[in-house]
1. Given Cβ point charges of +1 (Lys, Arg) and -1 (Asp, Glu) and nothing else, what value in debye, to the nearest 20, does the dipole of the stretch 72-158 about its Cα centre take?
2. So if I take the centroid of the Cα atoms in the stretch 626-677 and the same for the stretch 163-236, what is the distance between those two points in Å?
3. Taking only the C-alpha atoms, wrap a convex hull around the stretch 496-544 and report its volume per residue in Å³ as a whole number.
4. Return the Rg/Rh ratio of the stretch 572-709 with Cα-based radii and a Kirkwood Rh.
5. Regarding the stretch 193-329, what whole-number volume in Å³ per residue does the convex hull of its Cα atoms give?
6. Through the Karplus equation 6.51 cos²θ - 1.76 cosθ + 1.60, θ set to phi - 60°, convert the phi angles of the stretch 435-449 into ³J(HN,Hα) values in whole Hz; use x for Gly and Pro.
7. Which of the peptides 240-249, 562-571, 157-166 is most tightly packed, and how do the rest follow, judged by the mean count of other Cβ atoms within 10 Å per residue?
8. At 4 °C and 1.567 mPa s, what whole-number value in µm²/s does Stokes-Einstein give for the translational diffusion of the stretch 353-475, with Rh from the Kirkwood sum over Cα pairs?
Amino acid sequence: MPGACFAQAIKIKNDPQKKKIVFGNEKIQIALDYDQKAAVSLLVVNGQKVIEGDAGVYSQISIKGTTYSTLHLSTDPVVQVKQDAVIITGILYGDEGLTIKENWRFSLTDSNIIFDMDRDFSKSVLAEKAAFPVFVFHDTTTWDGAYQDYGGLAWFYLFNKRLDTYGVHSSSSRFWNSKTDNGLMLSVAAPGNRVAMDYSRTAEDKFAYTIAVSPMEMLPRFDSGTHRRRFIRDSAVVWAPFNIDAGKTSQRITLSYFSFKDRFGRGKFVGINGEQVNAVLNTIARIGVIDKEHFGGNSWHTPYGPICLHEQYIAQLGLAINDTDYLNGYRECLDFYRDNAVKPDGRVWPRWAYSNEDMMPGEVNDKGFYEARWGYLSDANPDLVTNVAELYDQTGNIDWVRTHQQSCEKALDWILKRDSNNNGLVEMMTDSHEQKRGSDWLDIIWASYENALVNAKLYHSLVEWAAIEKQLGSPEKGDYYNNFAKKLKTGFNKPVGEGGFWDDENKCYIHWRDKDGSIHGNNMVTPVNFMAIAYGICDDDSRRKTILDNIEIQMQKEKLFFWPVCLYSYRSGEGNDWQFPFPNYENGDLFLSWGALGVRAYAAYKPELAVKYVKNVLAQYAKDGLAFQRYGRVKQNGLGDDILSGNSLSVVGLYQAVYGINPLYNRFYLNPHITRELAGTELKYNFRGQRLTIGLNTDKYVVSNNKFVIISKTDFGFYSSDTMLLYFNGSSDHASLEVRTSISGMLTLDIKRWDPDKISWTQSAKMGQSNVSYESNVSYELNDLKRGTDYSISINGKLVKQVKSNTDGTLKFEYETNKRVDKIVITAAGRGGYPHRLISSS
């Protein structure tokens, strides 16, 4: 059918002589060859040729060592062109014993191209590899990477060898290029079947993206006996053979364009390299997501692919990644961990991996969760709870967190029972470092008995979970956890001579105490001391200052770009022998995974130091992508093939502690520690389906959406719906002001003062697209005032009403606003008259 069809941005042009048809919309164009083949030979995304060649997109299957594909057909398929569709039928391939018939239909709209594939097998087969279809892109530089539907990332920077292959269980891939701003979303629907995908650098140095559709979930090919390995080298076959039944199946692939900056842009950065911030959060921060339901800090690229459940910051990463797909994917992951990684007695399995090489003999379950051979890593229990709590803060889904109540209680109760001497400090599974077993994240440092690192993590999880218990209607359980946290804090802060962790001689918190009372790890272990400060355990200003100043003095002395795991050496025998002499590995190297804690500790004290180390990490990313496990102390060079997503945590700390971005279960809480050089930063942030704009200056903080604006000189919380705005004064978790209005434009509140005696703000309205001035009714409810107290309300300097707060400390009134700026002042024990514009009060 020769000729061309046009419908708005849709174009279709068929050339029967060359047996090629070109079609597409404004953003995506496709050329398809049908000369004894059925294959896409050209794919253009917003002007960028991403596929070009005879074998661009096609179907292929390997059976018993023989490969069949739509690149080689015995006859030409039949092509039909409709106004907004291209239909290819009669795509036959196989051999005398097997016939595979496919029909393709490309339906075009202004925004996407829908690729429907019907497939019919003449008999059942065991497929060694199937591509339904495969997209062969130019090379690994065509796209920076691809995000999966659960928020993971295939980062093509890491495909540094031919036949590097990574397989995932996802129904979509979102390819993106940060330089061209082009993005291509490919989503797959296959009713009645399961979808898997893999990404492979080909032997010809192209880049292949393969979609597999099967009746059952695809099983990884390796390793024998475990079948958990998602990333392989020297082969393009990552999945085990699978059965395909005779008969028909259907699938739909939707191709759509997106602007990477529009979808993942984070706003305007001042005083810091915004491109590097974006790059870190778009890549290394996600690298620990190995597959659906398998989130951790170690990358899928790591040879044995471990997941450490004893890491408290996986949900925290989502705060700065700020992608709903990541949050939803991690929610499913935590559900999986709840059901499979918690033992009946409440002990949390601390690890999962591709292989069993890291496993304590016999200590593994059928899903691959295990105890590490280095020792019983007890921080897995509080860390699982912390991640549940912090994900809940980001989503606000109380129904979901309720499903984790029992498992989190079990996890906490298991470790709380390990306080045998009732001093508030829980004990590890070993009594002495001479047993040569680890008990925390620093797994080959032989921390035993009362471990400050584990107890600090436990304190944090107790405080977070206690608040959730009360929201779930269990105040007694919440009080129990709060009281234990208080006791832990008291014991933690005691001098070592009194059974605590504070070493006054060395001016630091120690790492652990053996059961015989001997003190170990008094070498300024930075994770312990940063957690003590950042988590609020250390509330002694002089201690905080001494710790942070002493760390910075040593940093300056050595000119280190990042904080080492300890400033000075552990003593001989306190860790695995090969870590000596100092510095080496967990005895003194630079592990960036503690960056968020370091930034948070300094942000409240000297934020300029926090920013300095964030910038150092960003500069290092520009050099090497942070694609290492750690950095050596002496040369400050990248070491270890165990790439950690935690290398991004300094940037997460920038977001949370310096910019002050804290999504909480019932509000967006803004608590900046901004420096002058960062003033003028304006961030875009996704929060509960809204796109917020965050304005940051040294004396002016702003949160806005398309309906409301709040301005304040101090920290505050923000929450809104279409007709309601909530203002939370400071860190209060109870709304201080509720505003309801039907205004069609923007309503701005500039908070000037907020305390029980006097409250004031200015208010202005912008009425939609029109410049016509009209009035709109606004109702106000103020909370947490003095109970049963008279308050005077004045507007624009005019005393309008005296209102008494009720027994709950609540006051209500209404007012009609227009485009002008109104100054509203509410003062305790004031008196005044009735204004003509005051509608009602109570």
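The values are calculated or read from the model by the stated rules, or taken from the named source; none is laboratory data. Since we're looking at a predicted model, the values are computed, not measured. Cβ atoms come from the backbone with ideal geometry, glycine included; neighbour counts cover every protein chain shown. Heavy atoms of the whole protein, side chains included, go into the accessibility calculation; ligands, DNA and RNA do not. Shrake-Rupley method; radii C 1.70, N 1.55, O 1.52, S 1.80 Å.
1. Result for the stretch 72-158 is approximately 140 debye, rounded to the nearest 20.
2. The stretch 626-677 and the stretch 163-236 have Cα centres separated by 29 Å.
3. Each residue corresponds to 76 Å³ of Cα convex hull volume.
4. 1.08
5. Details: hull volume 23.3 nm³, N = 137.
Residue-normalised Cα hull volume stands at 170 Å³.
6. In residue order, the calculated couplings are 6, 6, 9, x, 9, 8, 3, 7, 6, 10, 9, 8, 5, 9, 6 Hz.
7. Descending mean neighbour count gives 562-571, 157-166, 240-249.
8. 83
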